[in-house]
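Here's the structure we're looking at; comments come further down.
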């Protein structure tokens, strides 16, 4: 009986640790509200994707989700970056969703980077980044007394970086403004 109790206690402890690690990972990597909505069980979800445009190696779309049972809706801006897998040499993609309530923060961040950060000459290594719930990032970092701009689709995947020219930020702003108008 004592052996059975110890075995059960070990099983419970191992299960709780595994569950806690999964919860921590979900909190760490993040999921957008639109993703949560579109993955709800017990619902019939319609997913509509509206093309907005592309820049460098990524496309921007508006994702609209409708629960056809309840009539509830959710929308987001969808970024999809394309890259070549170094092992298989095949093309793959990474996707991130920005909830409608995050778009204004991204637009404001890009404007601050354009107007206040890029005109300066950094003397120390510096990173500046906007990060969404889903792990999408946009920002800049210093490199040899100048700034490099980027978007990163997945926080933990170096293949999801898309490096841009400073001038590309204006195009990105235009695409985001168009996407916002279609949310």
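The values are calculated or read from the model by the stated rules, or taken from the named source; none is laboratory data. Predicted model only: the values in this text are computed from it and were never measured. Here the Cβ is made from the backbone with ideal geometry for all residues, glycine too, and neighbour counts use every protein chain on show.
May I ask you to list the residues in the range 138-160 that are assigned to a strand (DSSP E or B) and free of Cβ contacts under 8 Å to residues at least 60 places away in the same chain?
138, 139, 140, 141, 142, 143, 146, 147, 148, 149, 150, 152
Could you go through the range 47-69 and let me know if any residue there is assigned to a helix (DSSP H, G or I) and surrounded by fewer than 12 Cβ atoms within 10 Å (Cβ to Cβ).
Within the range 47-69 (the criterion being assigned to a helix (DSSP H, G or I) and surrounded by fewer than 12 Cβ atoms within 10 Å (Cβ to Cβ)), the answer is no, since none of the residues qualifies.
Within the range 120-133, can one find any residue that is surrounded by fewer than 19 Cβ atoms within 10 Å (Cβ to Cβ), within 17 Å of residue 31 (Cα to Cα), touching a residue at least 40 places away in the same chain (Cβ under 8 Å) and in contact with a strand residue (DSSP E or B) (Cβ under 9 Å, 6 or more places away or on another chain)?
Looking through the range 120-133, none of the residues is surrounded by fewer than 19 Cβ atoms within 10 Å (Cβ to Cβ), within 17 Å of residue 31 (Cα to Cα), touching a residue at least 40 places away in the same chain (Cβ under 8 Å) and in contact with a strand residue (DSSP E or B) (Cβ under 9 Å, 6 or more places away or on another chain).
Among 135, 105, which is the only one that is on the phi > 0 side of the Ramachandran plot and not in a strand (DSSP E or B)?
Answer to the check: 135.
Exactly one of these conditions fails for residue 89: (1) assigned to a loop (DSSP other than H, G, I, E, B); (2) in contact with a strand residue (DSSP E or B) (Cβ under 9 Å, 6 or more places away or on another chain). Give me its number.
(2)
Consider residue 47 carefully, then state whether it is in contact with a strand residue (DSSP E or B) (Cβ under 8 Å, 6 or more places away or on another chain) and at pLDDT 95 or above.
Judged against the criteria, residue 47 is a match.
Does residue 172 fit the bill of being under 12 Å from the mean Cα position of the chain (by Cα) and under 16 Å from residue 52 (Cβ atoms)?
Taking the combined requirement at face value, the residue does not satisfy it.
Name every residue in the range 95-109 that is surrounded by fewer than 20 Cβ atoms within 10 Å (Cβ to Cβ), under 25 Å from residue 159 (Cα atoms), in contact (Cβ under 8 Å) with a residue 60 or more places away in the chain and in contact with a strand residue (DSSP E or B) (Cβ under 8 Å, 6 or more places away or on another chain), in order of residue number.
Residue satisfying the conditions is 103 alone.
Would you confirm whether or not the range 167-180 contains a residue that is more than 18 Å from residue 31 (Cα to Cα) and part of a loop (DSSP other than H, G, I, E, B)?
Yes, because at least one residue in the range 167-180 is more than 18 Å from residue 31 (Cα to Cα) and part of a loop (DSSP other than H, G, I, E, B).
One residue is enough: does the range 76-85 have a residue meeting the conditions touching a strand residue (DSSP E or B) at 6+ places or on another chain (Cβ under 7 Å) and over 23 Å from residue 155 (Cβ atoms)?
Within the range 76-85 (the criterion being touching a strand residue (DSSP E or B) at 6+ places or on another chain (Cβ under 7 Å) and over 23 Å from residue 155 (Cβ atoms)), the answer is no, since none of the residues qualifies.
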